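Worksheet for the structure shown next.
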Amino acid sequence: MKVLITGGAGYIGNELVFELLKDPRIEKIIVYDNLSRKNYNLFLDTRYEPHKMQFINGELLDSRKIRKQLEGIDVVYHLAAIVSTPYATENSHLFEQVNHWGTAELVYALEESDVKKFVYVSTTSVYGASDQMIDADTLPEPRTFYGSSKLRGEKHVERLKDKMDTYIIRCGNVYGYSPSVRFDAVINRFMFEVNFMGRVQINGNGKQTRAFIHVDKVVRVLRNLLGDKFYLESGTYNLVDKNLSVNEIAGIVKEIYPFMEMLFIDQHLVMREIKIMPDPRIQPLIDLEAISVKEELINFKNKFSFSSKFAKETVQ
């Protein structure tokens, strides 16, 4: 089996490559990435098997190059995207070019290929914001350029369902350790700020709720879509694990770092929120031992090279 991963040098991609390399059926993995985030950890991670790996520096909008790389490929994971949380209302043109039209170019190429399975990693941002619990039947209503561009990408991907196994996976906020971790998402940012600065910054009153999923669980689901242990019909799925308010997250982090201070910015503001019901159709693919958020974050804490001057006051 040969696999191509767009955005394979990114946060989720880095871990997905490692997970797929454990599968003896996989002969080759091509990472197709433009390295726009200047993230080179993929090339230094000693967990990899070099003889199975290939890197192609390419753009989604380079239709000739992407078509060439699809030759002989069985499975494509499409992770490449412009993600700029929390500033997803800026650079609308860039979101459209990459997330919308870049996905369109990839779909055009897939329509002419012999690829058997396609997985598009989308986002729960397509739902916008709501005070009500959202499920897979809720109609999307994006509020940001990022959410809108990912939803437009989904519309192109839906054309593939008659040609190959096609999965649209709408992920919640992803958190957790990876060598290519992103620190702009709230949980990861809190971990960085408290570990090295002794405080966290909370925007608004902190009561806003978000849907979250650990990166290890995302990767396990993506790997299980290969179908050796589980079968899932082509379709659109929400991949979330839990709903937490920002204040609840801060409380968990403070249990690990008792010295933590909280700095509220514009505390009078009520921020938008989104609560997503875990999708029972895809939950079985998260075949990992359940551990608490606190345990996950302690594991994250232990990955830091060093800590702040307050390290002796942390929970082990």
Inset, instruction - Search segment 17-41 for residues being part of a loop (DSSP other than H, G, I, E, B) and acidic (D, E), and hand back the single one that is modelled with the highest pLDDT. - result: E27
Inset, instruction - Please find, within segment 42-77, the residue that is surrounded by the fewest Cβ atoms within 10 Å (Cβ to Cβ) out of those that are in contact (Cβ under 8 Å) with a residue 60 or more places away in the chain and in a strand (DSSP E or B). - result: V75
Legend entry - Options D216, D279: the member that is acidic (D, E), in a helix (DSSP H, G or I), under 30 Å from K2 (Cβ atoms) and touching a residue at least 40 places away in the same chain (Cβ under 8 Å): D216
Legend entry - Hey, V253 over 25 Å from M197 (Cα atoms), outside the structural domain of D131 (by TED's automatic domain parsing) and not polar (S, T, N, Q) or not: no
Inset, instruction - Hey, can you tell me all the residues within segment 164-203 that are part of a strand (DSSP E or B) and buried (at least 17 other Cβ atoms within 10 Å of the Cβ)? - result: D165, T166, Y167, I168, I169, R170, C171, N173, V174, Y175, V200, I202
Inset, instruction - Kindly indicate whether any position in segment 224-243 is free of Cβ contacts under 8 Å to residues at least 12 places away in the same chain and surrounded by 13 or more Cβ atoms within 10 Å (Cβ to Cβ). - result: no
Inset, instruction - Would you check if there is a residue in segment 135-152 being out of contact with any helix residue (DSSP H, G or I) (no Cβ under 9 Å at 6 or more places or on another chain) and either in contact (Cβ under 8 Å) with a residue 24 or more places away in the chain or buried (at least 18 other Cβ atoms within 10 Å of the Cβ) (or both)? - result: yes
Inset, instruction - Quickly run through segment 214-253 and pick out the residues that are basic (K, R), under 13 Å from D287 (Cβ atoms) and touching a helix residue (DSSP H, G or I) at 6+ places or on another chain (Cβ under 8 Å). - result: R220, R223
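The values are calculated or read from the model by the stated rules, or taken from the named source; none is laboratory data. What you see is a predicted model; the values in this text were computed from it and never measured. Positions of Cβ are generated from backbone atoms using ideal geometry, with glycine treated the same way; all protein chains shown enter the neighbour counts.
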